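Please read the structure below before turning to the comments.
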Amino acid sequence: MKKFELALALTMALAASGVALAHGGATGIVKERMDGMSAMGKAVKTLSMMMRGEVEYDPEQVKREAAVIETHAGETLTSLFPTGSGGAPSEAKPTVWSDWAEFEEISNQLQLYAKALEQAAPNGLMMQQPSTVDMMGTTSSGMMGNNSAMMMGSAPNMDLDALADMPADGVFNMLAQTCASCHAKFRIEKK
């Protein structure tokens, strides 16, 4: 009986240490935020494959993956970066805290795009949209065809309803650009 208990204790200890090593030995709030980032990364990867046509577009899965990102973004994300929680094994650059307003803005923008993507999922992909574009590349409303004007830089001023009316891949592109800009400024790249 003692051998069984010892083996069970050893197995549990090894399993627990494996979980800690999954993020370079991170524990506490640093591990919590790394787990959230991993969940968002997996969702973005799944969505990316769909948006590129590598797998069939599934609006219900788009909604689920967008909800994962929305859950981990915004205030939920920023709450995981208290002052003093940088340094190894964290991958956060010191600019998170020195440029807090920008970090917070990007996190909130990510949450907005995730929520919009969830709502835009039934719209399908841009290439699936019916075309009513004239020779000048504008629609009857005077906007560039397939909402491309919204994807060319005017998006930060858009509200949820306007974003939710776009094709899903247009919203996803803005979401992915937000992730990329956050990583460029606030994440230490692994080598």
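State the dimensionless ratio Rg/Rh of region 31-117 (Rg: radius of gyration of Cα atoms; Rh: Kirkwood radius).
Values: Rg = 14.2 Å, Rh = 13.8 Å.
When Rh is taken as the Kirkwood radius, the ratio is 1.03.
Whole-Hz Karplus ³J(HN,Hα) for region 100-115, in order, using 6.51 cos²θ - 1.76 cosθ + 1.60 and θ = phi - 60°, x for Gly and Pro?
My calculation for region 100-115 gives 3, 4, 5, 4, 5, 4, 5, 5, 5, 5, 4, 5, 4, 5, 5, 5 Hz in order.
So the label point goes 7 Å from the Cα of Glu54 along Cα→C-beta, right? Which residues of region 156-191 then have their backbone N under 18 Å from it?
169-170, 172-177, 179-180
Around Arg187, which amide H atoms from residues at least 5 apart in sequence, or from another chain, sit under 5 Å from its own amide H, with H modelled in the peptide plane?
Residues meeting the criterion, in which the H sits 1.01 Å from N, are Lys93.
Each value in this text was obtained by applying a stated rule to the coordinates, not by laboratory testing. For clarity, every value in this text was computed on a predicted model and none was experimentally measured. FYI the Cβ positions are ideal-geometry reconstructions off the backbone, even for glycines, and counts take in every protein chain you see.
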